[in-house]
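Enquirer: Just dropping this structure here.
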Amino acid sequence: MRKIIFETVEPTDSISSRIYNAVMIVAIIASLIPLAFHYDNLVFMRINYVTTVLFSIDYVARLFTADIKVGRGSTSFLVYPFTPMAIIDLMSILPEILSINKVFKLFRLARFFRVMGVLRVFKAARYSKNIDLILRVFRRQQELLSAVCGIAAVYILVSALVIFNAEPGSFPTFFDAVYWAVVSLTTMGYGDIYPVTTIGRVITMLSSILGIAVVAMPASIITAGFMEEAEKTQEDGGKKPSL
């Protein structure tokens, strides 16, 4: 019985698994619709109720079959709740469950619960081949991407320190300087915080030019990763099973 449940909730080629995956994808999309509005009505309340029940059943079913997935015997039931996807599953149902309690509403945490509800979109990673492809690319390129993220972090901190000390009048706090550095890194240039002195503008020009190079690095790494995954998928698809 537990094996049947596991083969249903986990993406496989079985009919029951395909139907389950389709239902969960629809539930995930439906659960995000109320978050696109600043008000609640009866339809949104029912959507939240139904999707929360489905997500709760999904979480319990996965916890019930944790030993089959994790493969550590009885210890699996303790390990599984702390896995990334299990945490996302739990965070997907907690907002609606906690919002029932008037104490949490009293402390005005309802908006925080709504923000947490956005995490439901990450549940789709189990059921979408396209998202799974993206995750595989990030896993393969994680070392290079981590190095690039480190370079970007150093760039932001150094740029923020330079502009913070070069033009204290336009950047009263270090956070303002960090915000400016991030905006410069992404070459967005919102214009709400900007230097007014000559040296500050020179620093901004240099920062924007370097920002283009820093932003281009992860884009090229991810593109190369997609090309490798595509070639691997084609090779695996072209192999014929040996008799």
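The values are calculated or read from the model by the stated rules, or taken from the named source; none is laboratory data. All figures in this text were calculated on a predicted structure; none of them were measured in a lab. Positions of Cβ are backbone-derived with ideal geometry, glycine not excepted, and every protein chain shown enters the neighbour counts. Only protein heavy atoms, including side chains, enter the accessible area calculation; ligands, DNA and RNA are left aside. Shrake-Rupley method; radii C 1.70, N 1.55, O 1.52, S 1.80 Å.
Enquirer: Note down the relative contact order for the chain as a percent, whole number, built from C-alpha pairs under 8 angstrom at least six residues apart.
Expert: Worked out over the chain, it gives 15 percent.
Enquirer: Add -39500 (n - 2.57) for each DSSP H run of 4 or more in the chain, then divide by its residues: what number comes out at 222 nm, to the nearest 500 deg cm²/dmol?
Expert: Dividing the helical sum by the residues of the chain leaves -24000 deg cm²/dmol.
Enquirer: Take each complete run of DSSP H in the chain, measure how far its Cα atoms stretch along the helix's own axis, and keep only those covering 20 Å or more with mean Kyte-Doolittle hydropathy at least 0.0; list them.
Expert: Length and hydropathy pass: 15-32, 42-64, 84-99, 142-166, 198-238.
Enquirer: Once both labels are modelled 7 Å past Cα along the beta-carbon direction, what's the Val70-Thr223 spacing in nm?
Expert: Output for this residue pair reads 4.2 nm.
Enquirer: If you don't mind, there's one more thing I want to ask. Can you give the charge dipole size of the chain about its Cα centre, rounded to the nearest 20 debye, using +1 on the beta carbon of Lys and Arg and -1 on the beta carbon of Asp and Glu?
Expert: With Lys and Arg at +1 and Asp and Glu at -1, about 740 debye.
Enquirer: I'd like the carbon and sulfur percentage of the solvent accessible area for the stretch 127-198, probe radius 1.4 Å, heavy atoms only, ligands and nucleic acids excluded.
Expert: Reported share for carbon and sulfur atoms: 67 percent.
Enquirer: Give me the 1.4 Å probe accessible area per residue for the chain, excluding ligands and nucleic acids, in Å².
Expert: On a per-residue basis, the chain sits at 65 Å².
Enquirer: Gaussian network model of the chain, Cα springs within a sub-10 Å range: biggest mean-square fluctuation belongs to which of Ala36, Ala213, Ala22?
Expert: Top of the fluctuation ranking is Ala36.
Enquirer: What number of lysine-lysine pairs in the chain show an alpha-carbon separation below 19 angstrom, given a sequence spacing of 8 or more or placement on distinct chains?
Expert: Within the chain, the lysine pair count is 4.
Enquirer: Note the listed values (1) 54, 44, 28; (2) 48, 46, 39; (3) 72, 62, 35, then indicate which one is Cα extents along the principal axes in Å calculated from this particular structure.
Expert: (3)
Enquirer: Between Ser146 and Ile19, what FRET efficiency comes out of the Förster formula 1/(1 + (r/R0)^6) with R0 = 41 Å and r the beta carbon distance, rounded to 0.05?
Expert: 0.60
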